[in-house]
1. Could you check how many residues of the range 258-300 are in contact with a Ser or Thr (Cβ under 6 Å, 6 or more places away or on another chain) and among the basic types (Lys, Arg)?
2. Within the range 241-259, identify whether any single residue is of a type outside the set (Phe, Trp, Tyr), in contact (Cβ under 8 Å) with a residue 60 or more places away in the chain, within 17 Å of residue 293 (Cβ to Cβ) and buried (at least 20 other Cβ atoms within 10 Å of the Cβ), and answer yes or no.
3. Taking the criterion of being charged (D, E, K, R), surrounded by fewer than 18 Cβ atoms within 10 Å (Cβ to Cβ) and in contact (Cβ under 8 Å) with a residue 40 or more places away in the chain, would at least one residue in the range 205-214 satisfy it?
4. How many residues does the range 204-228 hold that are under 20 Å from residue 252 (Cα atoms), of a type outside the set (Ser, Thr, Tyr) and within 31 Å of the chain's Cα centre (by Cα)?
Amino acid sequence: MLAGCFTQPPAPSVDRAPTAQSKGPVASAANGAARSGHYTVRKGDTLYRIAMEHGQDYRDIAGWNNITNPDSIKEGQVLRVAPPAAEPANGTVVSKPIATGSVVEARPLDKSPAPASSPAPAASDGVKREPKVNKEPYSAEGYARLNGTGEAASRPAEPKPEPKPGPRPEVAPVSMGADDIAWAWPSAGKVLAAYSENTNKGLDLGGKSGDPVFAAGDGRVVYAGSGLRGYGQLVIVKHNNSFLSAYAHNQKILVKEKQEVTRGQKIAEMGDTDSDKVKLHFEIRRQGKPIDPLIYLPKR
């Protein structure tokens, strides 16, 4: 039996090294999203296209990411594509004690108050002992003053002057809701191709070279140029925090970036840049996502 005790095999060892399942999640560049409000740059991306697909002005995205050259982004780079949220300076909450008032002294009813001429006791204990009642000898004048009779009481109260009205506070203008845009057709041309979620992100409108292209709603030009492949000479107008509209394949652009435009204003001339025919490709994007313009445009 003693021999058997000494010939037992050693206890098995346990590997405490972390397994693959215990590792935290790793952000993947394949899905294009690192975390909420951010985007991982893919091959072939441009800052202009990223801005349009997220409903932002490319200058804002450049500012949020300290980018001085819009053409300098690289594949795999993580960009902020939403405005930075206001965060506290530190992650702690500071609690302050609620200030309490002075302590009221408890005194028996039969105890007479100290004479008015006696000095007030020291307030080192935090007990409130002032003010004290002041006694005075009886007189007709004093009685009339205390009871509201006599000449002083019979005198009518003087009317208080009405306060002068101060300056009226400025009322901030009410911002237009996301669905309150008054839309208009950007061109009089007929529809050549309707919206398709898979093949066409907007409407294709026919016409002749040089036909006017109009702003479909009030807004600000956030892009004017040819930096987005497949769109040719392109104008993008931002209408509010939700909506953008895009006007592609123009032969001539008549507005500049940061310019305010109004609905029906001529902003370009129709052309065939980066297209096989003369047409206007028109898109409406909500939060950067293309939607069917016919949902918003008036019937004609």
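Just so it is clear, none of the values below were taken in a lab; they were calculated from the coordinates. This is a predicted model, so every value here is computed, not measured. Because the Cβ atoms are built from the backbone with ideal geometry, glycine has one as well, and the counts that use them run over all protein chains shown.
1. Number satisfying all stated conditions: 1.
2. Yes; the residues of the range 241-259 include at least one that is of a type outside the set (Phe, Trp, Tyr), in contact (Cβ under 8 Å) with a residue 60 or more places away in the chain, within 17 Å of residue 293 (Cβ to Cβ) and buried (at least 20 other Cβ atoms within 10 Å of the Cβ).
3. Taking the range 205-214 first, the residues charged (D, E, K, R) are 208, 211.
Cutting the leftovers down to surrounded by fewer than 18 Cβ atoms within 10 Å (Cβ to Cβ) gives us 208.
Now narrow it down to the ones that are in contact (Cβ under 8 Å) with a residue 40 or more places away in the chain: 208.
The answer is yes; a qualifying residue exists.
4. 12
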